[in-house]
Amino acid sequence: MTEDTRPGPHGPMRRKDREIADRAAIDAVLADETVMHLALSDENVPFVVPVFFAYDGAALYFHSAPAGTKIDILRRNDRVCFSVTAGVGVIEDEQACDFEARHRTVIGSGRARFVEDPAEKARILDLIVGRFTDRAFTYPPNRLAQTAVVRVEVEQIKGKSHGFPKG
């Protein structure tokens, strides 16, 4: 994964005290969670969709039907933004306006690439399915052909944490 450190659309973190600066901690959020919110844009109209995903330390992956809104948009615009959140809760306070969100969040952006090689598709599907079960599966060629597999090449990534001990 090549990491773009320019401020870009995700500028410098305003609350440095909440920044997850350790890349291993960012990777841990990605490794532990199973749902990613994927943001797309179609002619300046935003579209967000939750997807099950896998992370192999280099890229994020998800699968889909080969047609539909998300796939149609990705074919026109491969730029994506993603968000993964863990440990969601509420930190109560005496004043309603002082309640805060407890969370660990990873946000990033990159480019989506369709995976076409059947062996690579099967490897990625194993990563995704492996997040939910230890069972091994085979993927019949006709089913692989009917499944879109997408790799998100991460260009920017950062993390934020609040309500957890520092460490």
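The values are calculated or read from the model by the stated rules, or taken from the named source; none is laboratory data. The model shown is predicted, which means the values in this text are computed figures rather than measured ones. Glycine also receives a Cβ, built like all others from the backbone with ideal geometry; neighbour counts cover every protein chain displayed. All accessible areas refer to the heavy atoms of the entire protein, side chains included, with ligands and DNA or RNA removed. Shrake-Rupley method; radii C 1.70, N 1.55, O 1.52, S 1.80 Å.
Which FRET efficiency value, to the nearest 0.05, do you get for A119 and D42 by plugging their Cβ-Cβ distance into 1/(1 + (r/R0)^6) with R0 = 35 Å? Please report the intermediate quantities before stating the final value.
Details: r = 31 Å, r/R0 = 0.90.
For R0 = 35 Å, the calculated efficiency reads 0.65.
At 1.4 Å probe size, what's the solvent-accessible area of T34? Round to the nearest 10 Å².
Near enough 40 Å² of accessible area.
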